[in-house]
Structures are given as C-alpha cells and as structure tokens.
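Let me begin by presenting the structure, written as structure tokens, before commenting on it.
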Amino acid sequence: MPRPKDAFETLYPYRLYDPDEVLDPELMYTVPEIARLLQGLDPDVELDADTEERVVAWTIPWLMVHADELVINDPVGDEPGYFGVEAADDEAETIPDDADT
C-alpha cells in the first residue's frame with residue numbers, strides 16, 4: 001500500500017552505481033561479494049541468511065543491466081562464477097558453440 005512521503009523521517013536520492021565505481025578492475029568477485037559492495041560493505045563481511053538472500057536478489061538485475069561492462073570466468077564444477085569489470089586490455093573469449101551453458 002502506498003504511503004505518503006511525510007510518513008518517512010529521511011529520504012535519500014536513489015543512486016545506481018556503475019561497475020567501475022564499485023569493483024576493483026584488477027579483481028574478480030562472486031555475486032554475494034558484489035552484493036555486499038553495492039551496499040557499501042566489505043565483500044567478506046558476514047550477513048545473516050535473510051539479508052544475504054535479499055541483497056543478492058537486488059544484485060542480479062544490476063548484473064544484467066551492466067552485462068556489457070563485465071566479464072565472467074568459466075566456473076569449474078560447483079565453483080561460483082566470478083565477475084569483473086571489462087578492461088580495454090581484456091581479451092574476452094567468444095563462448096564456444098559446444099560450451100556447457
């Protein structure tokens with residue numbers, strides 16, 4: 001149900017970050033680590049399960065919006081994927097047709 005603005009003590013500007021504002025261009029991050037960084041937290045900080053689930057859910061659309069600015073590794077087995085900022089000198093490979101996607 002909508003609420004009037006004056007029902008809130010504080011209102012903040014809604015800001016979406018670009019990948020180069022959040023991610024170190026020399027590092028690769030898991031989705032949960034990116035979720036923490038987008039909240040202004042250290043990527044290794046412990047979160048309770050409900051909070052982590054929520055911030056990860058908010059991060060997925062951000063990753064999709066910025067897909068053209070990111071690179072991902074080729075995860076092995078059950079390892080997580082790692083995302084990073086695409087740099088001009090990155091040689092991102094084309095995904096082979098026979099890749100397990």
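Every number here is computed from the coordinates shown, using simple stated rules; none is lab data. Just so it is clear, the structure is predicted and the values come from calculations on it, not from any experiment. Positions of Cβ are generated from backbone atoms using ideal geometry, with glycine treated the same way; all protein chains shown enter the neighbour counts.
Summing +1 for each Lys or Arg and -1 for each Asp or Glu among the other residues whose beta-carbon sits under 12 angstrom from that of Val55 gives -3. Rg and Dmax over the alpha-carbon atoms of the chain stand at 16.7, 56 Å.
Calculate how steeply helix 49-65 sits against the longest principal axis of the alpha-carbon atoms of the chain, using the helix alpha-carbon long axis, and give the answer as 0 to 90 degrees to the nearest 10. Orientation of helix 49-65: about 60 degrees from the principal axis. Each Lys and Arg adds +1 at its Cβ and each Asp and Glu adds -1 at its Cβ; summed about the Cα centre, the chain shows a dipole of about 960 debye. Structural descriptor for segment 15-85: relative contact order 42 percent, calculated from alpha carbon pairs under 8 angstrom and at least 6 residues apart. Computed from phi, the 3J(HN,Hα) profile of segment 31-46 under the Karplus parametrisation 6.51, -1.76, 1.60 (θ = phi - 60°) reads 4, x, 5, 4, 4, 5, 4, 5, 8, x, 9, 5, x, 9, 5, 7 Hz, with x in place of Gly and Pro.
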